[in-house]
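Below is one structure, written out as structure tokens; the observations come after it.
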Protein chains: 2
Amino acid sequence: MLSTRRGVIETPVFMPVGTAGTVKATRFEELESPDLDAKVILGNTYHLWLRPGVETIKACGGLHRFIGWDRALLTDSGGFQVWSLGDLRKISEEGTEFRSHVDGSLRFLSPEVSMEVQAALGSDIVMVFDECAPGDATHEETEKSVGLTARWARRSREAFNRLQFEVADTGRTEAEGLSGAQALFGIVQGAGHLNLRRDSLRQTIDIGFDGYAIGGLSVGEEKSTMFEVIGDIAPQMPKDHPRYLMGVGTPQDLVEAVARGVDMFDCVLPTRNGRTGQAFTSQGKLNIKNARWTQDTRPLDESCGCLVCRRHTRAYIRHLYLAGEMLASILLTHHNLAFFLDTMRGVRQSIRSGNFPKFRQEFTERLSANGE
Amino acid sequence: MLSTRRGVIETPVFMPVGTAGTVKATRFEELESPDLDAKVILGNTYHLWLRPGVETIKACGGLHRFIGWDRALLTDSGGFQVWSLGDLRKISEEGTEFRSHVDGSLRFLSPEVSMEVQAALGSDIVMVFDECAPGDATHEETEKSVGLTARWARRSREAFNRLQFEVADTGRTEAEGLSGAQALFGIVQGAGHLNLRRDSLRQTIDIGFDGYAIGGLSVGEEKSTMFEVIGDIAPQMPKDHPRYLMGVGTPQDLVEAVARGVDMFDCVLPTRNGRTGQAFTSQGKLNIKNARWTQDTRPLDESCGCLVCRRHTRAYIRHLYLAGEMLASILLTHHNLAFFLDTMRGVRQSIRSGNFPKFRQEFTERLSANGE
């Protein structure tokens, strides 16, 4: 269960990514529809901070009101995004200096700035400002990174606490008080080094958060390393708090991570791959560009009951894609989100009825039978 | 009233344009929703013939099934599109030769080919293959063009009749017989030369069609010329058949053309301008890129009750547009279609209650007050 000020969300839950305040190619009405029924979506602090900027979002009443979404919102801290900039950013003890991809201006992001921005956005779940290490980072590099992440986590916690008690000009116009209104999640780092992952987990728990996340996976390491880390760390995470695996992954990854104890996921795969012509199906991935679908009147996934599969054929969606029509992205994204969210619904249902092991086995077998 | 084999459609009616088998940036569920409730949409024979091609659409059961749309479809003949290619096409008595914009192949479109393609598409309303004259064509040029259009109209009629009686492999899988299943509309040409327009109308009526269209307007002529032609020709068109003004125009143009007797419209303005950041509103056009909307929490149109105006602000849509997000096009297109379709609803209602002159006056005054 994930408790937010907007109600309790059943877990495990998949959160569609709405980087710039929109889940790409998707209307909010669809996200709310029974077909998708997304309970929480993610916004990227980095992107929203640079454009449209905090002043605009504050003036429009916070992120929920700005984008027109009443359900729960999680914002990341910007830590991963600025880390991803590579040579374009300079990391110091204080924070990270980088150039905006929007206007080239020099910007500085730190635990304090990130907490201020996320308070102004008014998201329901705030993430600490962390530092990521590359998938192939040495033990020494990773140890440094984990240390910095712990110090930044403490500073994030302190800044967050201050802000929650300040009924200041944060752009939130809800009647509720700010204290305790937002939740703050800590992030465990440590690349593929299990002892450092455990150190990071201990340090994060010591500070104390409303939920705990595993960060720094799916950043170039082997998939076996990723599952080794999840399998080791997730079971050690506090049982009475949500466990969130950041930025992962395929539907199989999700099911496998649930088996290891993860409650929350976000990933750009359903939306990004939808825009490049890839559908996720119960039989594996389907490339809509493939000429074999030219006159194929089957839906993307014959086992799927989403609006797109009920109405449209592979032949039509392939035509739309080749013609450069926006509707191709819209339909593929909708189906992919439906598939991810429906997989999570199936997972939750099987857990409730005590059949998750069977669900997991059948899900995996079906995909393996198709070479995935 | 417009009678099709898919039921009777109340007129005047606006038809959103679905060039390549999709009303751009719009899902069919939205077109069917009470918000838009489009009764008939348009497909472009030229585009669909070149891609995905007739074989694919036939294999998928005709255009309705291919795109997943059960309501009425009108297809144009391709005449206007090949004419628009300018130097890239060669017009002869037989038809028009041109190079495909999709694969560069040499193609030939004639009345017979156009009728065959439209029979295979299975559209409810078929348009004759016509020839357009530029807005500034001389009397002599236009006279030749009108003559050719009349000969092509007769050939279209004959080819259409043959096809309607052939229960051949046309890709239509409906149980109904083909005879009389489709309707065929004739097109009046003649640029801005009223005597030639009248000749063209007479020749078209002589052949006899299920409906009559005014083509070759909004192609570079003065707006006063356009209304002179409509005002002269529309009242002379058969009263017991629908009168269709092709490819026109702004909401004001529509209201003014209704006042002159027009029943049917199609236009790319709501969709195309939506994608370039322009909203049509009861107060005139609104450019969403304008910096004055940066923190404006009003809807696109304060008098509009569409889903977009009920949910989203100018500030948000502007942000989406500047961030290059697809949702900007999706929302602006939805609102624009809602505005066009709602204007037509208002027109129909005012006609029913005998208040059209008042509606027209108020509509025009509101726009003039804002400099349009």
> So, of the residues in the stretch B:18-40 that are within 13 Å of chain A (Cβ to nearest Cβ) and among the β-branched types (V, I, T), which turns out to be farthest from the chain's Cα centre (by Cα)?
Replying inline: B:T26
> In the stretch B:1-17, which residues are open to solvent by 50 Å² or more (accessible area, probe 1.4 Å) and either at pLDDT 95 or above or within 14 Å of another protein chain (Cβ to nearest Cβ) (or both)?
Replying inline: B:E10
> List pairs: first in the stretch B:11-23 and farther than 18 Å from A:L322 by Cβ, second buried (at least 23 other Cβ atoms within 10 Å of the Cβ) and at pLDDT below 95, Cβ under 6 Å, 6+ apart or cross-chain?
Replying inline: B:T11/B:L2
>> When you check B:Y316 against the structure, is it farther than 30 Å from B:M1 by Cα, among the aromatic types (F, W, Y) and at pLDDT 95 or above, yes or no?
In response: yes
>> Under 7 Å between Cβ atoms, which residue pairs at least 6 apart in sequence (or on different chains) link something in the stretch B:340-353 that is farther than 14 Å from B:F280 by Cβ with a partner that is open to solvent by less than 10 Å² (accessible area, probe 1.4 Å)?
In response: B:V347/B:P12; B:V347/B:V255; B:R348/B:P12
> Would you pick out the residues in the stretch B:180-207 that are in a strand (DSSP E or B) and closer than 17 Å to B:A133 by Cβ?
Replying inline: B:G186, B:I187, B:V188
> Does A:H319 satisfy the criteria of being open to solvent by less than 20 Å² (accessible area, probe 1.4 Å), at negative phi and touching a Cys at 6+ places or on another chain (Cβ under 8 Å)?
Replying inline: no
> Since B:D266 meets every condition but one in (1) open to solvent by 20 Å² or more (accessible area, probe 1.4 Å); (2) assigned to a strand (DSSP E or B), which condition does it not meet?
Replying inline: (1)
> Given the conditions (1) among the hydrophobic types (A, V, I, L, M, F, W, C); (2) within 26 Å of B:G215 (Cα to Cα); (3) within 14 Å of chain A (Cβ to nearest Cβ); (4) not in a helix (DSSP H, G or I), which single one is not true for B:F280?
Replying inline: (3)
> Can you name the residue in the stretch B:77-92 that is hydrophobic (A, V, I, L, M, F, W, C) and over 20 Å from B:V146 (Cβ atoms) and, of all such residues, is surrounded by the most Cβ atoms within 10 Å (Cβ to Cβ)?
Replying inline: B:L85
> Given the conditions (1) touching a helix residue (DSSP H, G or I) at 6+ places or on another chain (Cβ under 7 Å); (2) without any contact (Cβ under 8 Å) to a residue 12 or more places away in the chain; (3) aliphatic (A, V, I, L, M), and given that B:A323 satisfies all but one, which numbered condition is not satisfied?
Replying inline: (1)
> Counting only residues that are on the phi > 0 side of the Ramachandran plot and open to solvent by 10 Å² or more (accessible area, probe 1.4 Å), which one in the stretch B:54-73 is farthest from the other protein chains (Cβ to nearest Cβ)?
Replying inline: B:G61
>> Among the residues that make up the stretch B:19-41, is at least one of them touching a helix residue (DSSP H, G or I) at 6+ places or on another chain (Cβ under 6 Å), within 26 Å of B:A191 (Cα to Cα), open to solvent by 10 Å² or more (accessible area, probe 1.4 Å) and modelled with pLDDT of 95 or more?
In response: yes
> Which condition number does B:E112 fail, the rest of (1) assigned to a helix (DSSP H, G or I); (2) under 23 Å from the mean Cα position of the chain (by Cα); (3) at pLDDT below 90 being met?
Replying inline: (3)
> If you scan the stretch B:95-135, which residues turn out to be in contact with a strand residue (DSSP E or B) (Cβ under 6 Å, 6 or more places away or on another chain) and among the hydroxyl-bearing types (S, T, Y)?
Replying inline: B:T96, B:S100, B:S123
>> Residue under question is A:L332, and the condition is that it be of a type in the set (A, V, I, L, M), in a helix (DSSP H, G or I) and in contact with a helix residue (DSSP H, G or I) (Cβ under 8 Å, 6 or more places away or on another chain); does it hold?
In response: yes
> So how many residues does the stretch B:232-252 have that are open to solvent by 10 Å² or more (accessible area, probe 1.4 Å), touching a residue at least 24 places away in the same chain (Cβ under 8 Å) and either under 17 Å from B:G215 (Cα atoms) or out of contact with any Asp or Glu (no Cβ under 9 Å at 6 or more places or on another chain) (or both)?
Replying inline: 10
>> Which count do you get for residues in the stretch A:285-316 that are more than 7 Å from chain B (Cβ to nearest Cβ) and open to solvent by 10 Å² or more (accessible area, probe 1.4 Å)?
In response: 18
> Of all residues in the stretch A:74-117 being more than 30 Å from A:A38 (Cβ to Cβ) and among the polar types (S, T, N, Q), which is farthest from the other protein chains (Cβ to nearest Cβ)?
Replying inline: A:S92
> Where residues in the stretch B:75-94 are in contact with a strand residue (DSSP E or B) (Cβ under 8 Å, 6 or more places away or on another chain) and among the polar types (S, T, N, Q), which of them is nearest to A:Y321 (Cα to Cα)?
Replying inline: B:T75
> Regarding B:E228, is this residue of a type in the set (D, E), touching a Gly at 6+ places or on another chain (Cβ under 8 Å), free of Cβ contacts under 8 Å to residues at least 40 places away in the same chain and under 16 Å from B:G190 (Cβ atoms)?
Replying inline: yes
>> If the requirement is being more than 14 Å from chain A (Cβ to nearest Cβ), over 22 Å from the mean Cα position of the chain (by Cα) and aliphatic (A, V, I, L, M), which of these qualifies: B:L367, B:L269, B:L322?
In response: B:L367
> For the stretch B:215-231, how many residues are buried (at least 18 other Cβ atoms within 10 Å of the Cβ) and in a loop (DSSP other than H, G, I, E, B)?
Replying inline: 6
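The values are calculated or read from the model by the stated rules, or taken from the named source; none is laboratory data. Quantities reported herein were computed from a predicted structural model and do not represent experimental measurements. Quick reminder, even Gly has a Cβ in these numbers, built from the backbone with ideal geometry, and neighbours come from all protein chains shown. To get the accessible areas, we keep the full protein, side chains included, count just its heavy atoms, and leave off ligands, DNA and RNA. Shrake-Rupley method; radii C 1.70, N 1.55, O 1.52, S 1.80 Å.
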